[in-house]
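The values are calculated or read from the model by the stated rules, or taken from the named source; none is laboratory data. Since the structure is predicted, the reported quantities are computational estimates derived from the model, not experimental observations. Because the Cβ atoms are built from the backbone with ideal geometry, glycine has one as well, and the counts that use them run over all protein chains shown.
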């Protein structure tokens, strides 16, 4: 493995020496919204944050699951294949502790608290912001581990048309058509996409014999419309609509196959935002949205037949005021009212949760003319949630960002805050396996670290190291003895995460490396002799790492991606575990320009060395797969 990576680097560098481009390199003014709910430079954030921009002219755009899986301290639980369930663990916390937003609106359902990244489309996404660390002081429940905010695109000026097509192993295909423009000052972006695959890949059974994965096919349709328009003066309006319909087989685990189980998901999100900016710079916005989902599942297994249907609705109203105080301070204040309603085959009547919230965030900046400690920014945030069917919650958070050295842009940042998670509808109301006595989870989150961003006219470097500690009480886990969710005494997640990003020779070569050491342990003192006490929590790896190398020459671009995930324990006594795995992907693309437009072609090999592995016990992953794609933009 190491020899292959070194060989790729040497070959790339040998090409780079001959390909010195005259394009200048500069650091983009990357600003992040999710860290404070206000626009700030990503280096000024009190918590570790990263931004991933999506290139929609690419022949092979990444999925949201791909983006999340390459984030430091993130572990993507993949049940195998392109259409399978994919959920994420951040900093050793559970998938229910990662809050996922689209344009600031929560996607985690009140029913189970989860987000399946397979059902989220990347087609209309401009960028993805990932903030690590407890963030309930800004966004409320379910943000114990951090936040992923998916921000959709704004229509550009000039008429543009894009066409994309992909084909690959096991019947994979993806097609997209979209157009955008801004006639008369009214921006419109609209598109439709279709994705399918069979995923009938071979795998090895535990006894060493070979088999083929069946009932793993999928089809996904996606349509979206985004529009914005001025309403006069400094007032504007934006409307967004996204619709996804997914149908897929659910093959089950190797120990309990379900060769005929089928699942269908309908998901629709409608959002409207009105924004007004006063002549003094104060900004007032009103955001409202409606999120609808309908899921059906059917397994005709003669021994355990099962059929279910769940309908979820979520409505949000969110006014917010952002004002600047003097030259060095600003304050943001807002309120939220939301209501979630669930009806389903395994619930008695309609389940309803209403939440009323108030929040405020502020920052103060101090500057001095000196080469060290010349910039200090203090942050304060607080939020109060009044929730109809569980306890109320008050969550404060404080943070600091200090520029230690001006020339090398060396920063120290730290934050400390409280977060919580409300029990889901499944936890409280699912007939037969719920626990109405569950208490909300509460956590205290701390992180501190250093980072630096520096460079020359032809190279840019950014590196950082962060320590984190998340102490959670009343953590909710499913007890296989009582077969219902219970509160355990405590759990703690702590560790180190490091990241380096480098750009060399005017972006001819780019290198990204990330590593995380995560200790997530159970501290349930209510059960003496608990074999899991003070041991790594099940299914959570201690070590994760990734390396991405990108080389460019003329119209060509080559990329090598490598990921490592450490072993995951599958029993409380740690006598059984899944081994660590290593996966390498390679991709090559080219961009061709003509008077008719820009054409991009590309191909990639995933799992280049055809590794056999499981991310989650009992769910095999595909071996080597291939994809090719072509994209056209006019």
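Worth pointing out:
- Test: residue in segment 557-566 that is touching a residue at least 24 places away in the same chain (Cβ under 8 Å), in a loop (DSSP other than H, G, I, E, B), surrounded by 18 or more Cβ atoms within 10 Å (Cβ to Cβ) and more than 24 Å from the chain's Cα centre (by Cα): no
- Residue count for segment 292-326, restricted to those that are touching a strand residue (DSSP E or B) at 6+ places or on another chain (Cβ under 8 Å) and either closer than 21 Å to residue 251 by Cα or part of a loop (DSSP other than H, G, I, E, B) (or both): 12
- One residue stands out among those in segment 153-168 that are buried (at least 19 other Cβ atoms within 10 Å of the Cβ) and at pLDDT 95 or above: the one that is farthest from residue 222 (Cα to Cα), which is 168.
- Residue ID - surrounded by the fewest Cβ atoms within 10 Å (Cβ to Cβ), chosen from residues in segment 215-254 that are outside any strand (DSSP E or B) and at positive phi: 233
- Residues satisfying the stated conditions in segment 124-138, i.e. more than 13 Å from the chain's Cα centre (by Cα) and buried (at least 24 other Cβ atoms within 10 Å of the Cβ): 124, 133, 134, 135, 136, 137, 138
- Segment 463-497: number of residues that are surrounded by fewer than 17 Cβ atoms within 10 Å (Cβ to Cβ) and over 30 Å from residue 426 (Cα atoms): 4
- Any hit, segment 516-524, residues being in contact with a strand residue (DSSP E or B) (Cβ under 7 Å, 6 or more places away or on another chain), more than 30 Å from residue 472 (Cβ to Cβ), touching a residue at least 60 places away in the same chain (Cβ under 8 Å) and surrounded by 19 or more Cβ atoms within 10 Å (Cβ to Cβ): no
- For residue 411, the stated conditions hold: it is over 24 Å from residue 322 (Cα atoms), under 28 Å from the mean Cα position of the chain (by Cα) and either buried (at least 17 other Cβ atoms within 10 Å of the Cβ) or at pLDDT below 95 (or both).
Residues are listed down the side, and each one gets a yes or a no for (1) under 27 Å from residue 354 (Cβ atoms); (2) in a strand (DSSP E or B):
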{"site": "114", "(1), (2)": "yes, no"}
{"site": "130", "(1), (2)": "no, yes"}
{"site": "143", "(1), (2)": "yes, no"}
{"site": "148", "(1), (2)": "yes, yes"}
{"site": "167", "(1), (2)": "no, yes"}
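- Taken over segment 266-282, the criterion of being without any contact (Cβ under 8 Å) to a residue 60 or more places away in the chain and either part of a loop (DSSP other than H, G, I, E, B) or touching a helix residue (DSSP H, G or I) at 6+ places or on another chain (Cβ under 7 Å) (or both) is satisfied by 278, 279, 280, 281, 282.
- Residue within segment 151-161 that is assigned to a strand (DSSP E or B), more than 19 Å from the chain's Cα centre (by Cα) and touching a residue at least 24 places away in the same chain (Cβ under 8 Å) present: yes
- Pairs are defined by a Cβ separation below 8 Å, a sequence spacing of at least 6 or placement on different chains, a first member in segment 606-623 that is at positive phi and touching a residue at least 60 places away in the same chain (Cβ under 8 Å), and a second member that is buried (at least 16 other Cβ atoms within 10 Å of the Cβ) and assigned to a loop (DSSP other than H, G, I, E, B); the pairs so defined are 618/254.
- Condition met for residue 201 (in contact with a helix residue (DSSP H, G or I) (Cβ under 7 Å, 6 or more places away or on another chain), over 20 Å from residue 152 (Cα atoms) and either buried (at least 16 other Cβ atoms within 10 Å of the Cβ) or modelled with pLDDT under 95 (or both)): yes
Condition check ((1) buried (at least 21 other Cβ atoms within 10 Å of the Cβ); (2) closer than 22 Å to residue 424 by Cα; (3) touching a residue at least 60 places away in the same chain (Cβ under 8 Å)) across all residues:
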{"site": "45", "(1), (2), (3)": "yes, no, yes"}
{"site": "63", "(1), (2), (3)": "no, no, no"}
{"site": "70", "(1), (2), (3)": "no, no, yes"}
{"site": "73", "(1), (2), (3)": "yes, no, yes"}
{"site": "91", "(1), (2), (3)": "yes, yes, yes"}
{"site": "103", "(1), (2), (3)": "no, no, yes"}
{"site": "117", "(1), (2), (3)": "yes, yes, no"}
